[in-house]
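Engineer: Sharing a structure below in structure tokens format, with a few things to ask.
The values are calculated or read from the model by the stated rules, or taken from the named source; none is laboratory data. All values derive from a computational prediction rather than experimental measurement. Please note: Cβ atoms are built from the backbone with ideal geometry, for glycine as well, and neighbour counts cover all protein chains shown.
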Amino acid sequence: MCFRRATAVAWCVVRLSRCRAVTGDGGDVNDLRLTLFGRTRVHHGVEVSTPPPLATAVLARLAVAGGEPVTVDEVARDVWGVSPPRRGDRVAVQKRVLMLRRLFDQGSGDGSGVIVTEPGRVSTYRLALRSDQVDLWRFQELVRDARRLPLALAVAGLSHALDLWRGRPLQDVEGYEFADGTIARLRALHETAQRELARAHTAVGDNAAALAVTERLAESLPEDLALGLTVSELRSRVREEEGAVLARRCFPAMRTSVSLVYGDLLHQSDADLVIGFTDTFDTVTDDRVIHRDSLQGQLLHILFCGDRKRLDDQLRRELRHVPAESVESRSDKRLGKLTRYPLGTIVTLWADEQRIFGVAYSRMGNDLAARSSPQDLAHGMERLWEHTARHGWRRPVAIGLVGAGLARVDGLGPQESLATVVRSFLARSRIGTVSPELRLVVRPDAIAGVGPTLFAKFLGEQEDGATIDGPRTDQEEAPSMSVYDGRTTASDSAAGYDDAVEALNEVLRWRLPPADWEQVSRSVYALALALRDGGAEELLDATTTLEDLAPSRVIRAGSAPQEGDAEPQLRERVNVLLHELTHGGDGSRTDIPVESSGSDSG
């Protein structure tokens, strides 16, 4: 039986068989994380999967319940808009629960440890995850807990909460009535969290951080005149505190800013410092291996008070697990260290309370001249930001004018090297927060070469961008499960073919907007692949996803794009599939048409 179903969310490629990431088989239930800010994603270890539309709506309905049980009738009413539901409607709910269990824990039937079935007169489902595994729950918990703390202690919790806000809450179910109240509460809580964080930053004297938060909030609330006045006041305070700032731009969607300041890098005590090294990590400052006035020389003599043994001991500990690239002979390299490490190697050093990230972006020649290339610099910066994002404490990061001294970068002047650093920082910040501020520190005698006016123009041309959850490919597939709420389905292939036939016949009757027809085309292509290469489970998934794209809707009425019939190419493909399904024998079909071009390729 094929049900014509609605969806207000975008179609995404259904994973047709067992999901295994290239680096392993996935983790256990403790590795799970559910993202409900932005597009709904299920993270299982290194795997990232996106449920089909109606399965996403069912998952959101369970998440909105906050871990409380929800009956199958309530899900059918809130997602499908049917009350009271018929048997077929309950089966439709159970199908989506099955798909979700495959994504979550690779369990089967009622044995799932994530979506728990509680028996009764009517089946009841409950999302049995911890609050730290569901970003929507964790956000609310963090804000609630932070508001109970003194302002000076609330910064970390509120910052963590706002880092979870990566897109509109419950974006895939906007328009469903069951989600409306939760979305409104979350938006109000988001505004409250931003106001509280700005107050907390101000309370501890961090006016620059308070300004960044308040500017983001003011952009979303242009009618709030009092907020505009607060922004102006904070800007005045920051100008007084940062008289050395030459250029600055905030990137609200990435929760960061980039500043150009003149001064001494080693005096940026409120920031983590970045110091360039060569691939040999030399530390001898005898003006032959390393010049005493270089940043590495100043690192040793100012921050480490000339204690080279202490610096070398820290370097040795940091490098002990890094495979050496090669070892020079003393006859070839007459001074300095002999072991070479890969470019892009990052070390973390400590000088009392000051943390320093050392990055190897240049090669120390056997002639004791350090050389680098634009590619070497870009690679070193990419590795640096990845390391900072994973191991940093969300403090500002200060870096000097790389390649300005003896560790030259061939082919790059000051402006090009700064642009390389900024572009790589922003690229990584679009994936996830690296630091609240990238501070580029230029000595007064180098300002003319940098060109602050040109740099400010360059910053203004860089695009802001919302964060994303991480890498994902359309080749990722959903874990397999052979039990459908306790009833075996894999053996009943004939029933699967009947469902597919009815679904395809329905497609020929649909009227949809052009964008929806593109989604249907990709879904028909996925169904063809399932018929050719998959089993009963894959066919069930593909058929269910196609059903989800039916034109009837259970969302609030509104203006809709002009609807039309399927294009001739799609109708032909559907008819060929129907012919194969009804005249293809026992199901051993090897000639299902899957050739495609354009959007049909998925």
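Engineer: Hey, could you check the stretch 266-275 for residues that are buried (at least 19 other Cβ atoms within 10 Å of the Cβ) and either of a type in the set (Phe, Trp, Tyr) or out of contact with any helix residue (DSSP H, G or I) (no Cβ under 7 Å at 6 or more places or on another chain) (or both) and say which is nearest to ALA448 (Cα to Cα)?
Structural biologist: That would be GLN268.
Engineer: Follow-up. Report yes if some residue within the stretch 244-252 is part of a helix (DSSP H, G or I), free of Cβ contacts under 8 Å to residues at least 60 places away in the same chain and out of contact with any Leu (no Cβ under 7 Å at 6 or more places or on another chain); otherwise report no.
Structural biologist: No: the stretch 244-252 contains no residue that is part of a helix (DSSP H, G or I), free of Cβ contacts under 8 Å to residues at least 60 places away in the same chain and out of contact with any Leu (no Cβ under 7 Å at 6 or more places or on another chain).
Engineer: Next question, about the same structure. So, restricting to helices (runs of 4 or more DSSP H) that lie completely within the stretch 46-133, which ones have at least 1 residues that are in contact with a Cys (Cβ under 9 Å, 6 or more places away or on another chain)?
Structural biologist: Output list reads 53-64, 87-105.
Engineer: Please determine whether any residue of the stretch 296-316 is touching a Ser or Thr at 6+ places or on another chain (Cβ under 8 Å), in a loop (DSSP other than H, G, I, E, B) and not β-branched (Val, Ile, Thr).
Structural biologist: No, there is no match, as no residue in the stretch 296-316 is touching a Ser or Thr at 6+ places or on another chain (Cβ under 8 Å), in a loop (DSSP other than H, G, I, E, B) and not β-branched (Val, Ile, Thr).
Engineer: Oh, and also: If you go through the stretch 124-177, how many residues are closer than 19 Å to ALA210 by Cβ and among the polar types (S, T, N, Q)?
Structural biologist: Within the stretch 124-177, residues that are closer than 19 Å to ALA210 by Cβ and among the polar types (S, T, N, Q) number 1.
Engineer: Hey, another quick one. With the checklist (1) outside the structural domain of THR192 (by TED's automatic domain parsing); (2) surrounded by fewer than 18 Cβ atoms within 10 Å (Cβ to Cβ); (3) among the charged types (D, E, K, R) in hand, flag the one item GLU233 doesn't pass.
Structural biologist: (1)
Engineer: Still on this structure, I have one more. Please determine whether any residue of the stretch 359-381 is within 20 Å of LEU311 (Cα to Cα) and either within 26 Å of the chain's Cα centre (by Cα) or part of a helix (DSSP H, G or I) (or both).
Structural biologist: Yes, the stretch 359-381 contains a residue that is within 20 Å of LEU311 (Cα to Cα) and either within 26 Å of the chain's Cα centre (by Cα) or part of a helix (DSSP H, G or I) (or both).
Engineer: Further, regarding this structure: Residues in the stretch 482-496 that are at negative phi and either modelled with pLDDT of 70 or more or under 36 Å from the mean Cα position of the chain (by Cα) (or both): how many?
Structural biologist: Residues meeting the conditions: 6.
Engineer: So which of LEU303, LEU295, LEU319 is touching a strand residue (DSSP E or B) at 6+ places or on another chain (Cβ under 9 Å), modelled with pLDDT of 90 or more and not β-branched (Val, Ile, Thr)?
Structural biologist: Of the residues listed, the single one that is touching a strand residue (DSSP E or B) at 6+ places or on another chain (Cβ under 9 Å), modelled with pLDDT of 90 or more and not β-branched (Val, Ile, Thr) is LEU319.
Engineer: Hey, another quick one. Residues GLY66, GLY38: which one is modelled with pLDDT of 90 or more and on the phi > 0 side of the Ramachandran plot?
Structural biologist: Numbers: GLY38 fails: modelled with pLDDT of 90 or more.
That would be GLY66, the only listed residue that is modelled with pLDDT of 90 or more and on the phi > 0 side of the Ramachandran plot.
Engineer: Quick one: which residue in VAL238, VAL289, VAL231, VAL213 is assigned to a loop (DSSP other than H, G, I, E, B), over 22 Å from THR420 (Cβ atoms) and among the aliphatic types (A, V, I, L, M)?
Structural biologist: VAL289
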